[in-house]
Amino acid sequence: MQTLSRSATLASKTHLCGAKSTKTSAHRPRAVAVTAEQKQAVCVLTGTAGVSGVLKLSQSGDAPTKVVGSITGLAPGKHGLHIHEFGDTTNGCMSTGPHFNPNKMDHGAPTDATRHAGDLGNVEATAGGCDFVIEDSQIPLSGANSIIGRAFVIHELEDDLGKGDSSEIGTQGKTSKTTGNAGARLACGVLALAPSA
């Protein structure tokens, strides 16, 4: 369903029932406000070694999706955050598959033209935890490339944003163009729709 975030003007010509005249009666055009649909979603992260968190997402119409997150239990430093293809956590975070990549591109930074849709870059943790806000136009909450039902994954290491060693793609430590060399999957959760406020 496409939503419009602008005002539309409706003008109608009405045939009067029972009237003998075939003339039409024009009504004065009136403005009708069409508001953007607000969508919301939530993801609860659970994982190993006490890493956990909550991500709340919102999107108005076709605007970028806003992710407001809070994660605890991470070691201080940068950690890769990605959306993975599957919402399957039957084997922990390993069954979530590769990064969500509907356009079949190489891994990159969130600001790169060439990137996976699920490449959200890094979040930085302190001893007190990690609170962050991300806005991204490639992770819609509806439509063909919706991320609803997919998994968010927080990684052990800093994502090199596709700029690191990829001389042997698939070899541990040399997977910059596929995973950003972000290391182990520490926590994950499936994104689900939430009631709109």
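Note on Thr114 and Met94: their simple-model spin labels are 3.2 nm apart, each label 7 Å out from Cα toward Cβ. For segment 64-80, 3J(HN,Hα) computed residue by residue from phi via the Karplus equation (6.51, -1.76, 1.60; θ = phi - 60°) reads x, 7, 9, 10, 10, x, 9, 10, 10, x, 7, 5, x, x, 8, 9, x Hz, glycine and proline entered as x. Net length available on complete extension from Ser196 to Asn103 is 30.6 nm, with 0.36 nm assigned per residue and the Cα-Cα distance removed.
Holding the Cα-Cα limit at 26 Å, pick out from Lys66/Lys104; Lys39/Lys78; Lys104/Lys163; Lys39/Lys177; Lys39/Lys163 the pairs that are longer than that. Over 26 Å Cα-Cα: Lys39/Lys78; Lys39/Lys177; Lys39/Lys163. The H on the amide N of Leu45, modeled in the peptide plane, is under 5 Å from the matching H of Gly53, Val54, Leu55, each at least 5 residues off or on a different chain.
Once backbone amide H atoms are built at 1.01 Å from N, His84 has Phe100, Ala151, Phe152, Val153 as its partners under 5 Å, excluding neighbours fewer than 5 places away on the same chain.
Ranked by the mean number of other Cβ atoms within 10 Å per residue, highest first, peptides 98-104, 43-49 order as 43-49, 98-104.
No lab work stands behind these numbers, since they all come straight from the coordinates. Values in this document were obtained by computation on a predicted structure and should not be read as measured data. Cβ coordinates were reconstructed from backbone atoms using ideal geometry, including for glycine residues, and neighbour counts include every protein chain displayed.
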